[in-house]
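The values are calculated or read from the model by the stated rules, or taken from the named source; none is laboratory data. Computed from a predicted structure; not experimentally measured. For neighbour counting, all protein chains shown are included, and Cβ atoms are generated from backbone atoms with ideal geometry for every residue, glycine included.
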Amino acid sequence: MFYREAGQFKKTYAADMAVFPILQDRIGLGIILFIAAVVIPLTGSTFFISSVMIPFLVFSLAAMGLNIVTGYTGLISLGSAAFMGVGAFACFKLTTSFPNVNILVWILASGFFSAVIGALFAIPSLRIKGFYLAVATLAAQFFLEWCFVRIPWLYNYSASGAIQVPQRTLFGHIITGANATPTTRYLVLLAIVVFMTWIASNILHGRVGRTFMAVRDMDIAAELMGIRLLPAKLTAFALSSFYCGVAGAVMVTLWYTGGEASDLFNIRQSFYILFMVIIGGLGSLLGCFLGSALLNIVPLVLKYGLPSIGIAIASETAEHINHLLVGALIIFILIVEPHGMARLWQITKQKLRTWPFPY
Amino acid sequence: MKEFKTIAPGEELLNVENVTLRFGGVKAITDVSFNIKKGEVRAIIGPNGAGKTSMLNVINGFYHPQEGRITYRGATRSKMRPHVAAAQGIARTFQNVALFKGMTTLDNIMVGRTLKMQKPFFWHVFRHGPAMQEEIEHRKFVEEIIDFLEIEHIRKTPVGKLPYGLQKRVELGRALAMQPELLLLDEPMAGMNLEEKEDMCRFILDTKEQYGTTIALIEHDIGVVMDLSDRVCVLEYGLKIADGTPEEVKANQKVIDAYLGVAH
Ligand SMILES: Nc1ncnc2c1ncn2[C@@H]1O[C@H](COP(=O)(O)OP(=O)(O)OP(=O)(O)O)[C@@H](O)[C@H]1O
Ligand SMILES: [Mg+2]
């Protein structure tokens, strides 16, 4: 009844081609942004901001990277965490080597490093579909992980292998390092994620996005429309790695304030991101956020939520239950709704559009 | 790249000479020659497995024949990549609908405009300026095709959800969006009911009239073939057994035998 497009006539193609053509959607988006940018920083506890919101945003960005290549282009990648690692170390090296350049510049620049590395690993395997690409990305994962541990230059020869993110400022505010408040880090991260999501949405709604999806849905027909498959897949891969790289860069600069970084980018992390994309929704930007939210919140609820309402639960048990739940969810999604939570949301919207009448 | 001539109506647009295509031991096409003139509807008919689809695949570069030559718009080649064929103005539809299932009707047809959209990636990042102008300009063109094919109501529907007849129509729309010089249609009416077939016939004739497109048509319904086509080429077991106007072909004894299944 309230969620309707009735009466909202589009007078131009530009209006019809807008990403959110329905007014209620635009209002909804505005409210979410307001909550994220104003309400949460003012009212959220330090714990909520640094342990819930920051990981949520970082992984949303990583999931977006994987979704571009897997959800939109139909190519499986098992190396997303490694490409995050490339971005993370690139950012660390860049900011320690050129401390005077603004950190935001380096965060975005790190994306280019992982885009190049991602494309390099993809080139030999893109001619072949499915299995071989998965294996090549797996090889990238192991090789890069090895580099992160074995090349001391990457972590500036620190004895423990830990990286210490130096203090950097933006408009006079400390935004990285041990002295930056969680709220500041969160706000910077939010701005980056919103910007990157906007860019992704632009790209995916235009010619480039259609090219990706055409390759995914029917590659022979795509070729016949004049799409060259190899460059298209390579673009998708580079773009995906770019997003993963930026996610890695913000992970070390705005989330971890210091510590051993090599362990963050292992194969488990890659699978974790893949699960987010599957559960959230392949080929949906909204899905990246939904998947990341769910997979970040479930373990927290088990770990802190249950004890706080009086259900004592050992942390190992919580871990096991978490694995069980994620596994069950994936099986459920694969069987019931291959397009994930994002599609469930769409169906709800469709129902709302006609509510209270069943048709 | 070779120079491509502009071909005047009635002149030879495509010439296939002595093409032979083998899959291992199977000969799908044996020494077939025929041509297509600009502006005509050229039917290719024949029983199942005669090599009709293979012939289209040879023309647009999916299959590379072992022997023979193909001359298109004055340039001769033996091998070609499909995306190059597309750039030279060859579009096609498939026997088993090959749409982009997860995309809407509108997006499917928009993909047909890909080759004409060349604004740099940079502008797409912002979806503003030249990229947006380009989107709007091609959207207008696509809307004309949508009007032409009478599929306004399914503009925003994911094509995977459409009934078969409409899917075939969207596929034609996607091919038309390429503004092809030569349009290859592989059984565009297979599995349709009478009304849908009549619509499709009308669209094919209108395409020829309005856009001046040359059409190569594979079809099993002989009535449709006789009505639509200017010339008919008949294949059987990979061999060409007849070629000519519908009347000539209809009277050809070999064709009658092939279709009635008379023992040789
Ligand atoms: N990719 C392939 N690999 C092996 N054999 C093939 C291939 N494509 C076609 N053939 C063989 O080539 C022959 C001709 O097939 P084609 O699909 O061209 O026939 P058609 O005339 O289109 O038949 P239909 O009316 O059933 O569509 C058949 O014997 C088929 O088995
Ligand atoms: Mg066939």
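Annotations
- Among the residues of the range B:74-121, those identified as aromatic (Phe, Trp, Tyr) and under 30 Å from B:Ile45 (Cβ atoms) are B:Phe94, B:Phe100.
- Residue in the range B:184-203 that is within 14 Å of chain A (Cβ to nearest Cβ) and more than 16 Å from ligand 1 (Cβ to nearest atom) present: no
- The residues listed here are B:Ala91, B:Ala87; of these, the one that is surrounded by fewer than 20 Cβ atoms within 10 Å (Cβ to Cβ), away from ligand 1 (no atom under 16 Å from the Cβ) and either touching a residue at least 24 places away in the same chain (Cβ under 8 Å) or not hydroxyl-bearing (Ser, Thr, Tyr) (or both) is B:Ala87.
- Per-region count, the range B:1-25, residues more than 16 Å from ligand 1 (Cβ to nearest atom), buried (at least 17 other Cβ atoms within 10 Å of the Cβ) and over 14 Å from B:Arg231 (Cβ atoms): 1
- Cβ-Cβ under 6 Å pairs, at least 6 apart or on other chains, the range B:44-56 side in contact (Cβ under 8 Å) with a residue 60 or more places away in the chain, far side near ligand 2 (Cβ under 8 Å from one of its atoms) and of a type outside the set (A, V, I, L, M): B:Ile44/B:Lys52; B:Gly46/B:Lys52; B:Thr53/B:Gln95; B:Thr53/B:Asp186; B:Leu56/B:Asp186
- Test: residue in the range B:146-163 that is within 30 Å of B:Ala50 (Cβ to Cβ) and either within 16 Å of ligand 1 (Cβ to nearest atom) or not in a loop (DSSP other than H, G, I, E, B) (or both): yes
- Of the helices (runs of 4 or more DSSP H) entirely within the range A:250-359, those holding at least 3 residues that are loosely packed, with under 15 Cβ neighbours inside 10 Å and at pLDDT below 85 occupy A:315-336, A:340-354.
- Among (1) in contact (Cβ under 8 Å) with a residue 12 or more places away in the chain; (2) more than 17 Å from B:Gln210 (Cα to Cα); (3) within 13 Å of chain A (Cβ to nearest Cβ) - the single one B:Ala175 does not satisfy: (2)
- For the range A:198-208, filtering for residues that are buried (at least 22 other Cβ atoms within 10 Å of the Cβ) and more than 7 Å from chain B (Cβ to nearest Cβ) leaves 2.
- Qualifying position, being out of contact with any strand residue (DSSP E or B) (no Cβ under 7 Å at 6 or more places or on another chain), more than 14 Å from ligand 2 (Cβ to nearest atom) and not basic (Lys, Arg), among B:Gly61, B:Gly68: B:Gly61
- Residue within the range A:225-246 that is over 18 Å from B:Val125 (Cα atoms), small (Gly, Ala, Ser) and part of a helix (DSSP H, G or I) present: no
- Across the range A:209-221, the number of residues qualifying as more than 7 Å from chain B (Cβ to nearest Cβ) and within 18 Å of B:Arg81 (Cα to Cα) comes to 2.
- When B:Asn35, B:Asn15, B:Asn48 are checked against the criterion of being closer than 19 Å to B:Phe94 by Cβ and either of a type in the set (S, T, N, Q) or not assigned by TED's automatic domain parsing to the domain that holds B:Ile215 (or both), a single residue qualifies: B:Asn48.
- Scanning the range B:21-51 for residues that are within 16 Å of ligand 2 (Cβ to nearest atom), out of contact with any Lys or Arg (no Cβ under 9 Å at 6 or more places or on another chain) and either in a loop (DSSP other than H, G, I, E, B) or at pLDDT 95 or above (or both) returns B:Pro47, B:Asn48, B:Gly49, B:Ala50.
- Of everything in the range B:124-156 that is more than 14 Å from A:Ala14 (Cβ to Cβ) and crowded, with 19+ Cβ neighbours inside 10 Å, the residue that is nearest to the other protein chains (Cβ to nearest Cβ) is B:His124.
- B:Asn96 meets each of the listed conditions (1) more than 10 Å from chain A (Cβ to nearest Cβ); (2) within 16 Å of ligand 1 (Cβ to nearest atom); (3) not in a loop (DSSP other than H, G, I, E, B) apart from (3).
- For the range B:26-62, the tally of residues that are more than 7 Å from ligand 1 (Cβ to nearest atom), within 14 Å of chain A (Cβ to nearest Cβ) and surrounded by fewer than 21 Cβ atoms within 10 Å (Cβ to Cβ) stands at 1.
- Of the candidates B:Gly191, B:Gly244, B:Gly212, B:Gly238, the single residue that is on the phi > 0 side of the Ramachandran plot, among the small types (Gly, Ala, Ser) and buried (at least 18 other Cβ atoms within 10 Å of the Cβ) is B:Gly238.
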